[in-house]
Amino acid sequence: MSLEPTQRRVAVVGGGIAGLTAALRLELLGHDVEVIEADSTLGGRFGLDRLGDRPVMTGGKNIGREYHTFRWFTAELGCDAYESFGYNASRIKDGQILTIDSERRGQTLKNIRRMGSARDFARLASMAARIRADRRNRFLGSRYLTGVSRKHDHAPLSEFFGPEMTDTLIRPMVIRNNGAEPHEMYPGTFGTNIAMLLDHYDQLSGGIQPVLDAFAKRVPVRLDARVTDLEIRDGKVTGLRISEAGAEPRSTDYDAVVLATPAYATAEIVRSARPRLASRLADVRYFPSTVVLVEYDRDIFTHEVRALAMDDGPCTNAGSYGQEERHIVRYTYSGAEGRLTDLGPENIDRLTSRTEERLRTHLGAPRAERVNLLVKHWKAAYSGYLPYHAEFLAEVRESVAGIAGLELAGDYIQGVSIEGCARTGRAAAGRIADHLGSPRRTA
Ligand SMILES: Cc1cc2nc3c(=O)[nH]c(=O)nc-3n(C[C@H](O)[C@H](O)[C@H](O)COP(=O)(O)OP(=O)(O)OC[C@H]3O[C@@H](n4cnc5c(N)ncnc54)[C@H](O)[C@@H]3O)c2cc1C
């Protein structure tokens, strides 16, 4: 008796966490799935790179205790050793260091109270209570956040909170999570930021590389393969046009496709087949960021203060790379002043020296020699979503529902956190599996 697989072929476009999660779930459900990735490595905005000899991540690496889908993904691949990192960010207010630390909730709450008016604190507390009460409110498109958006998205976040709270707390949050200024973000998406503040963070002990290696042993991956167009016939997905290693695009047949790419990239892929959907997706805003990693010959931070948030210059955050790796500092440039255009070594040296001086002045950091330095510029680091984002999502859902065999995943659907992206991948895979039915093998 010979077994003839009659599985249907599924392509997952994008090898970031949204695509990886989608592909792993489809593989577990028995489908014939492959990942198509434009880059020469998997991982997307995990940002794998090297600092000297050491593999490092220049993108997302803090994993919340509430990141259940991401933790399922790493556990499934047998790489789920985490070490605590915590959420620790200090600010300087009236010459005093105010620390927000997920391990010291009482002091953190007191510090937040000092950051704005009683009305603002009450607003923040009420949003936090809704998020704590219902996990769905951590993500975009929940009923609660949709209500907030309907009521308040006529004006940006900078008008939702008073100026003091906006400057001291809201700005560092949206700069850190979205690379955006408070006047570029809207209340209806702010729940995702509060959710990130409420979590406690770990990091993968061995970084993401072992996870990606284990993944690539399970699921076929095509690297250096850029998808240019989605092919649709009679309202059904039939395949993709793919350019491999820069060659002319060629068609490959698929029965179903998950586009796990950022909104602007998804827009380009669907443009020829669905121009209206493409132009709506292209509306979603993205903001840049530059990360400079520097290894020193000694520790820069202490265990108590592991990151300094700054609001008066291009460098918005300087933080230690790991709880125990306080000799490696990650300088982040984001927000209006941090949108760097000159990435030349002289400018990077000048900017780094300026922040090193601040760390010495405010935190008493030691004078240290730089051993290695790495610059990573992200043209579109983070999504900043849209005002009335829930309505945008409903329009996109309706449009995609009219194309059998297509599902979308990515940072603009539930939020930019690694968990938000992983959830969209897992959900998209579930819908594709429902559409295809169970894979059968015939005798
Ligand atoms: C500097 C930085 C720090 C961050 N820190 C954290 C953090 O600590 N914790 C946290 O939760 N989140 C963090 N984030 C956010 C989080 O890392 C990202 O939102 C998330 O990784 C995005 O995953 P994704 O799969 O949606 O997109 P991506 O990771 O961008 O993956 C999309 C993939 O699609 C590929 N692609 C695009 N177009 C095509 C095409 N046409 N054909 C084929 N492939 C294509 C891309 O090359 C890419 O690999 C951070 C982000 C940045 C930039």
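Considering only protein heavy atoms and a probe of 1.4 Å, how much of the accessible area of the stretch 102-199 is carbon and sulfur, as a whole percent?
Details: 2240 of 4320 Å².
So the carbon and sulfur contribution to the accessible surface is 52 percent.
Under 13 Å Cα-Cα from Lys376, which aspartates and glutamates qualify once same-chain neighbours fewer than 8 residues away are excluded?
In chain and number order, the partners are Asp49, Asp342.
Find the percent of Cα-Cα distances in the stretch 102-199 that exceed 21 Å, and round it to a whole number.
26
Compactness ratio of the chain: Cα Rg over 2.2 N^0.38 Å, N = residue count?
On the way: Rg = 22.2 Å, N = 443, 2.2 N^0.38 = 22.3 Å.
Taking the Cα Rg and dividing by 2.2 N^0.38 Å, one obtains 1.00.
So if we plug the beta-carbon distance of Ala401 and Arg367 into 1/(1 + (r/R0)^6) with R0 = 60 Å, what FRET efficiency do we get, rounded to 0.05?
0.50
Given a 1.4 Å probe, how much area per residue of the chain is accessible, in Å²?
Numbers: 19110 Å² over 443 residues.
Per-residue value: 43 Å².
For Arg218 and His435, what does the FRET efficiency come to when R0 = 22 Å and r is the distance between their Cβ atoms, rounded to the nearest 0.05?
Values: r = 22 Å, r/R0 = 1.01.
Step by step, r from the Cβ atoms, then E = 0.50.
If I compute solvent accessible area with a 1.4 Å probe over the protein chains, what percent of it on the stretch 230-270 is carbon and sulfur?
Details: 810 of 1900 Å².
With neighbouring chains kept in place, the figure for the stretch 230-270 is 43 percent.
Ranking request for peptides 164-176, 191-203, 120-132: highest mean number of other beta-carbon atoms within 10 Å first, then the rest in descending order. Mind showing how you got there, number by number?
Working: 164-176: 22.3, 191-203: 20.4, 120-132: 16.4.
Descending mean neighbour count gives 164-176, 191-203, 120-132.
With a cap of 12 neighbouring Cβ atoms within 10 Å, and only residues DSSP puts in a loop, list the GluC sites (Glu not before Pro) found in the stretch 297-395.
Values: sites: Glu304, Glu324, Glu325, Glu337, Glu346, Glu356, Glu357, Glu369, Glu391, Glu395; in loops: Glu304, Glu324, Glu325, Glu369.
When the GluC sites (Glu not before Pro) of the stretch 297-395 are filtered for loop state and at most 12 Cβ neighbours within 10 Å, Glu304, Glu324, Glu369 remain.
For the cross-link pairs Lys236/Lys379; Lys61/Lys379; Lys61/Lys217, which exceed 24 Å when the distance is taken from alpha carbon to alpha carbon?
Values: Lys236/Lys379 33 Å; Lys61/Lys379 19 Å; Lys61/Lys217 22 Å.
Lys236/Lys379, as the Cα separations exceed 24 Å there.
Where nothing but the Cβ of Lys and Arg (+1) and of Asp and Glu (-1) is charged, how large is the charge dipole of the stretch 287-384 around its Cα centre, in debye to the nearest 20? List each step's numbers first, then the result.
Numbers: 13 positive and 15 negative charges, 32 e Å.
Computed charge dipole of the stretch 287-384: roughly 160 debye.
Pick out, from Ser399, Leu42, Tyr82, the residue whose Cα sits farthest towards the positive end of the charge dipole of the chain, with +1 on the Cβ of Lys and Arg and -1 on the Cβ of Asp and Glu.
Of Ser399, Leu42, Tyr82, it is Ser399.
Quick one: helix 389-401 against the long Cα principal axis of the chain, what's the angle to the nearest 10°, folded into 0 to 90?
For 389-401 against the chain, the angle is about 10 degrees.
Rounded to the nearest 500, what is the 222 nm mean residue ellipticity of the chain from helices alone, with -39500 (n - 2.57) per DSSP H run of 4+ residues and division by all residues?
Numbers: 14 runs with 152 residues, N = 443.
That calculation yields -10500 deg cm²/dmol at 222 nm.
Quick check: the angle from helix 17-28's long axis to the longest principal axis of the chain, C-alpha only, nearest 10 degrees?
That helix lies at roughly 40 degrees to the long axis.
On C-alpha positions alone, give me the angle between the axis of helix 418-436 and the longest principal axis of the chain, in degrees, nearest 10.
That works out to roughly 10 degrees.
The values are calculated or read from the model by the stated rules, or taken from the named source; none is laboratory data. This structure is a prediction, so every number in the text was calculated from the model and none was measured. FYI the Cβ positions are ideal-geometry reconstructions off the backbone, even for glycines, and counts take in every protein chain you see. Note: accessible area is taken over every heavy atom of the protein model, side chains too, but ligands, DNA and RNA are not part of it. Shrake-Rupley method; radii C 1.70, N 1.55, O 1.52, S 1.80 Å.
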